[in-house]
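First the structure, in the form of structure tokens, and then the observations on it.
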Amino acid sequence: MDSVTRVHAGELFSVSSTPLNPLPSAMNSQVTLVDSAALQPEQGLASTLLYFDVDNVHNATLSSPGGSASYIIESSPHATRTTVSRTTRSGLAPVVVGLIKRNNIIPDKITLEDGSSRHISEWLKTGQFSHRPSARAEMHVKGHKYIWTINPAGQLCMYAAEDETTPLAWVNRSRTQAVKGQTIVTPAVLALQKEVDNLRDEVVIAMTILEHKRRMSEKMTQVLISTSYSGQGCHPGGPVV
């Protein structure tokens, strides 16, 4: 485990460290770095940081520290319908950039800002996306192909198809730590490199879809583990297979 001790407000120091904004500069955190040599702050990664007001991909507001970018994610009670809206500084009503409709039988659909509607798989091929490192999804946007996957540190990351070594966007979940008797909560954040700032809408929509699938997969795994342990408790000979 590598130790990350640099802390400056509004900066992201590695693909696996969490931006600490605004936390004490003396704070230490233990994290696993994917490529510590290539992911140093001096190289200027993450030109845009979108912080979640709550660590929730069904209902949350994402905003940059300077207010230059902001998104609102809103969902129906069972997340069968989720809207992703981009807000503006002009005070105008938010613009819906993505409407996600999740279905149990027919394929999930998405409607984009231009009004076009399609199966999500035509735009974002998710397959059986889960929380495991083997999970992969393909996104085709503006003539380019991007790969979403879970990195070894457990974070959702997006790469250019031709270079799966340098993340172009990634998600850091919120983190709670005890520091000198105080509980400090670091907010979840979506980080984007400048190369994909022009795809900000698409990245936010894809992140919303994939983080939902990932978290549902995690919950299912927890339920299965809990059921397995319950089975061991009920059957002296071990779980029923």
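Scanning region 157-176 for residues that are under 19 Å from Asn56 (Cα atoms) and either in contact (Cβ under 8 Å) with a residue 60 or more places away in the chain or surrounded by fewer than 19 Cβ atoms within 10 Å (Cβ to Cβ) (or both) yields a count of 7. For region 69-76, the criterion of a residue being crowded, with 18+ Cβ neighbours inside 10 Å, aliphatic (A, V, I, L, M), at pLDDT below 85 and within 24 Å of Lys194 (Cβ to Cβ) is satisfied by at least one position.
Would you confirm whether any residue within region 117-139 is part of a loop (DSSP other than H, G, I, E, B), surrounded by 13 or more Cβ atoms within 10 Å (Cβ to Cβ) and of a type in the set (D, E, K, R)? The answer is yes, given that some residue of region 117-139 is part of a loop (DSSP other than H, G, I, E, B), surrounded by 13 or more Cβ atoms within 10 Å (Cβ to Cβ) and of a type in the set (D, E, K, R).
The residue list Gly181, Gly154 contains one member that is within 18 Å of Thr126 (Cα to Cα) and surrounded by fewer than 18 Cβ atoms within 10 Å (Cβ to Cβ), which is Gly154. If only residues of region 102-112 that are in a loop (DSSP other than H, G, I, E, B) and charged (D, E, K, R) are counted, the one that is surrounded by the most Cβ atoms within 10 Å (Cβ to Cβ) is Arg102. When region 55-71 is limited to residues that are assigned to a loop (DSSP other than H, G, I, E, B) and in contact (Cβ under 8 Å) with a residue 60 or more places away in the chain, the one that is farthest from Pro167 (Cα to Cα) turns out to be His58.
Looking across region 72-93 at every residue that is hydrophobic (A, V, I, L, M, F, W, C) and without any contact (Cβ under 8 Å) to a residue 24 or more places away in the chain, the one that is nearest to Lys109 (Cα to Cα) is identified as Ile72. Checked against the criterion of being over 17 Å from the mean Cα position of the chain (by Cα) and crowded, with 17+ Cβ neighbours inside 10 Å, the candidates Leu99, Leu92 yield just one match: Leu99. Annotation: of all residues in region 140-162 being outside any strand (DSSP E or B) and under 16 Å from the mean Cα position of the chain (by Cα), the one that is modelled with the highest pLDDT is Gln155. Taking Glu202 as the residue in question, decide whether it is farther than 24 Å from Ala60 by Cα, modelled with pLDDT of 85 or more and charged (D, E, K, R). For Glu202, the condition - farther than 24 Å from Ala60 by Cα, modelled with pLDDT of 85 or more and charged (D, E, K, R) - is not met.
Restricted to region 163-214, the set of strands (runs of 3 or more DSSP E) holding at least 2 residues that are under 9 Å from the mean Cα position of the chain (by Cα) comprises 169-172, 189-192.
The values are calculated or read from the model by the stated rules, or taken from the named source; none is laboratory data. The shown structure was predicted, so the numbers you read here are calculated from the model rather than taken from an experiment. Reconstructed Cβ throughout: ideal geometry from the backbone, glycine too, with neighbour counts over all protein chains shown.
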